[in-house]
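Peer 1: This is the structure I have questions about; it appears just below.
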Amino acid sequence: MTSGSTLLREARLAAGLTQAQVAKRAGISQGAVAQLERPGSNPTLETLDGILRATGQRLRLVSEPDQPNVDETLIARNLRMAPAERLAAFETAHTELSELRGMATADGS
């Protein structure tokens, strides 16, 4: 995720504007623009949007559903198994992966 300071600086540079030009368009001082572009600055969303609009851009926030990095159905299925069944399934998977690795090595991959 890009920081607010980086976002502002990159938007200004992409627009070919100086800090003074952005400041004039946004109705703030050049020093305020410089401070907002410094790493660690923490502008409000309103300020961020205002400065971006002065560069010809606008702020758009998007919320997306969190996608898990694991197959939850597989986890649920495995949890329904008895411990001995889980161990047997793991041993089978391990054997199959070892065989695949052997085939890949034999093919020169």
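Peer 1: I'm a student and want to see the number: the projected area of the Cα convex hull of the chain, averaged over all directions, in nm². Present the calculation step by step, with values, prior to reporting the outcome.
Peer 2: Values: hull surface 52.2 nm².
Approximately 13.0 nm², given one-decimal rounding.
Peer 1: What trypsin sites (Lys or Arg not before Pro) does segment 12-109 have in DSSP loop regions with at most 16 other beta carbons within 10 Å?
Peer 2: Values: sites: 12, 24, 25, 53, 58, 60, 77, 80, 86, 101; in loops: 58, 60.
Here the trypsin sites (Lys or Arg not before Pro) that fit, given the DSSP loop and packing criteria, are 58, 60.
Peer 1: While we're on this one: Tell me the angle of helix 45-54 to the major Cα principal axis of the chain, expressed in degrees between 0 and 90 and rounded to the nearest ten.
Peer 2: Compared with the principal axis, the helix lies near 60 degrees.
Peer 1: Given only helices, namely DSSP H runs of n ≥ 4 each adding -39500 (n - 2.57), what is the per-residue ellipticity at 222 nm of the chain, to the nearest 500 deg cm²/dmol?
Peer 2: -20000 deg cm²/dmol
Peer 1: Taking a quarter of the surface of the convex hull around the Cα atoms of segment 4-54, what do you get in nm²?
Peer 2: Details: hull surface 11.2 nm².
Mean shadow area of the hull around the Cα atoms is 2.8 nm².
Just so you know, all these numbers are worked out from the coordinates, no wet-lab data involved. Please read these numbers as outputs of a predicted model, since none were measured by experiment. Here Cβ is always computed from backbone atoms with ideal geometry, including for glycine, and neighbour counts include all displayed protein chains.
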